[in-house]
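The values are calculated or read from the model by the stated rules, or taken from the named source; none is laboratory data. Predicted, not measured: the structure shown is a model, and the values here were computed from it. Cβ: placed from backbone, ideal geometry, glycine included. Neighbour counts: every protein chain shown. With ligands, DNA and RNA removed, areas are computed over all heavy atoms of the protein, side chains included. Shrake-Rupley method; radii C 1.70, N 1.55, O 1.52, S 1.80 Å.
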Amino acid sequence: MAATPSESTPVPVTIALPQHDRILILDFGSQVTQLIARRVRESGVYCEIWPFNQADEARIKAFHPKGVILSGGPASVTENKSPRAPQSVFEMNVPVFGICYGQQTMVEQLGGKVEAGHAREFGRAYVEVTEHSTLLNGVWDKGAREQVWMSHGDRVTQLPAGFRVVGTSEGAPYAVIANDDKKFYAVQFHPEVVHTPHGAALLKNFTHGVCGCHGDWTMAAFKEEAINKIRKQVGKGKVICGLSGGVDSTVAAVLLHEAIGDQLTCIYVDTGLMRAGESDQVVNLFRDHYNIPLIHEDASEKFLNGLEGISDPEMKRKLIGTMFIEVFEMLSKRVGGADYLAQGTLYPDVIESVSFTGGPSVTIKSHHNVGGLPERMNLKLVEPLRELFKDEVRALGVELGLHPDFVKRHPFPGPGLAIRIPGEITPEKLEILRKADTVYLEEIRNAGLYDAIWQAFVVLLPVRSVGVMGDGRSYDYVCALRAVTSTDGMTADFFPFDHEFLGRVATRIINEVRGINRVTYDITSKPPGTIEWE
Ligand code: XMP
């Protein structure tokens, strides 16, 4: 899951505008570093995550952080060559907050001691609050016993000069430590995860109470700045933007249209692999509601012919990617050429995670977007959502006037229904799948569960089973229902529907969708499964 930074890997570009307070998060490879950023952003403060080994003094100073957070990580500071924060972080006169491994490296780098393997603590633990501290102000009182989430094998055994203990736990006598003069704070537990119920409030105390941030990161402010930035970048150039019907590309397009008006042309390619009614929805929204120039190309014949006889999932993905580029290239010529390609790239795609296992990560699936197009057509990229998380994009969408129902839509993959029909794709199977998917989502909405689910869809299996319908024998397809909860699509759990709900959906699909006579529910998490089946 984690990508390995290499010498040649470009460091993510800093995009925040200078007037915002900024927090810098140095990543030591924890699985939950992104959650630190989420919590900081939720507190109204702009932040960026940088791999610890790509942050030198000059770069950090140029970023002007109002505070630095050191993340957790899988290494042990007691081991040779384990990661360290740049020492300058502790000499810049800015507050520093160490979390788990971040606490341990802070202690070690400032002259304290950390020891390995004393008392491992994983999961829920309790902290006894022994002292007052700015970090705990208004959240935890002296004498309280508070629930936290721990995940550590090493622990601090001696504090550096100037530090005092503020809270202890059974396995971590230095669970919360503070050096108030220097504004250095550190905790052994993870305040960023929901299992530390007051963790977000503690992080807010750090960003606001300790660092003095003002909470100036709002989507209204972002919108204005992004519009100015787009105008500056694009000038009088022409921009094309591929629409998928998804939230990210729609929000990017509407934002771009506010910035540059008719210099933007949107392109929507109907691949024939869309869900029921999807193409009409996109066209109505863009042409009728926003009056944004839109080319709507029905390329379904090309895609379905191109996919005929293809069963291999990677082959499907690659063919779709290639055909998409061909259509896009042809259409953009119709606009008279373009200078820029707009994409709805989000911050999680930009962050480079740190991996200590080495080696490039394997390709699980070739994701399809319009990759390859910019080089082929010599287009520059405009990526106005590069610094946002998914829920911030949704908030921006609402800020731009998109209907809340639209911005809450579940993600839908670029290759569409093609990767929800294992085996060969035929128009008949697509039709069956569309109908079953419509029933399933209707029931989810009726049950008020849509917003609690990250993504829900039907997969049409290349398997037929025998059934009895009325007095007759049936021999029809089997489908699998999929529904998962997730925060970013990287990991996921199956959604725990009750059996009555599942029974209702199964009955409706079998009664209403000709071609399906058996319904199953997929209870695989990710990992080891993936969300989509191909
Ligand atoms: P997986 O199946 O890899 O999916 O667990 C994780 C998330 O990514 C979506 N997905 C895609 N999105 N192009 C996309 O734009 C793709 O090729 C693609 N493949 C998977 C998937 O729906 C889920 O939200």
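Annotations
- Applying the set (1) part of a strand (DSSP E or B); (2) open to solvent by 80 Å² or more (accessible area, probe 1.4 Å) to ALA483 leaves exactly one unmet item: (2).
- Test: residue in segment 272-290 that is assigned to a strand (DSSP E or B) and closer than 22 Å to GLN233 by Cβ: no
- Within segment 303-338, the set of residues being under 18 Å from SER366 (Cα atoms) and aromatic (Phe, Trp, Tyr) comprises PHE303, PHE324.
- For LEU449, the conditions (1) closer than 30 Å to ASP349 by Cα; (2) in contact with a helix residue (DSSP H, G or I) (Cβ under 7 Å, 6 or more places away or on another chain) all hold with the exception of (2).
- Lone qualifier among ALA456, ALA506 - being among the hydrophobic types (A, V, I, L, M, F, W, C), under 17 Å from LYS435 (Cα atoms) and part of a strand (DSSP E or B): ALA456
- If you filter segment 115-139 down to residues that are part of a strand (DSSP E or B), acidic (Asp, Glu) and open to solvent by 30 Å² or more (accessible area, probe 1.4 Å), you find that the one that is nearest to GLY153 (Cα to Cα) is GLU115.
- Exactly one residue out of ASP488, ASP493 is within 30 Å of PRO348 (Cα to Cα) and touching a residue at least 40 places away in the same chain (Cβ under 8 Å), and it is ASP488.
- Any hit, segment 388-397, residues being in contact (Cβ under 8 Å) with a residue 12 or more places away in the chain, farther than 20 Å from ASP270 by Cα, within 14 Å of the ligand (Cβ to nearest atom) and open to solvent by 30 Å² or more (accessible area, probe 1.4 Å): yes
- Candidate set: segment 304-318, residues that are surrounded by 11 or more Cβ atoms within 10 Å (Cβ to Cβ) and among the small types (Gly, Ala, Ser); chosen: the one farthest from LYS429 (Cα to Cα): GLY306
- Among (1) touching an Asp or Glu at 6+ places or on another chain (Cβ under 9 Å); (2) closer than 19 Å to TYR450 by Cβ; (3) away from the ligand (no atom under 14 Å from the Cβ) - the single one ALA483 does not satisfy: (3)
- Some residue of segment 435-445 being part of a strand (DSSP E or B) and either within 16 Å of the ligand (Cβ to nearest atom) or among the acidic types (Asp, Glu) (or both): no
- Residue count for segment 506-534, restricted to those that are within 16 Å of the ligand (Cβ to nearest atom), touching a strand residue (DSSP E or B) at 6+ places or on another chain (Cβ under 7 Å) and at pLDDT 95 or above: 5
- Any hit, segment 518-531, residues being under 26 Å from TYR347 (Cβ atoms), outside any strand (DSSP E or B) and of a type in the set (Asp, Glu): no
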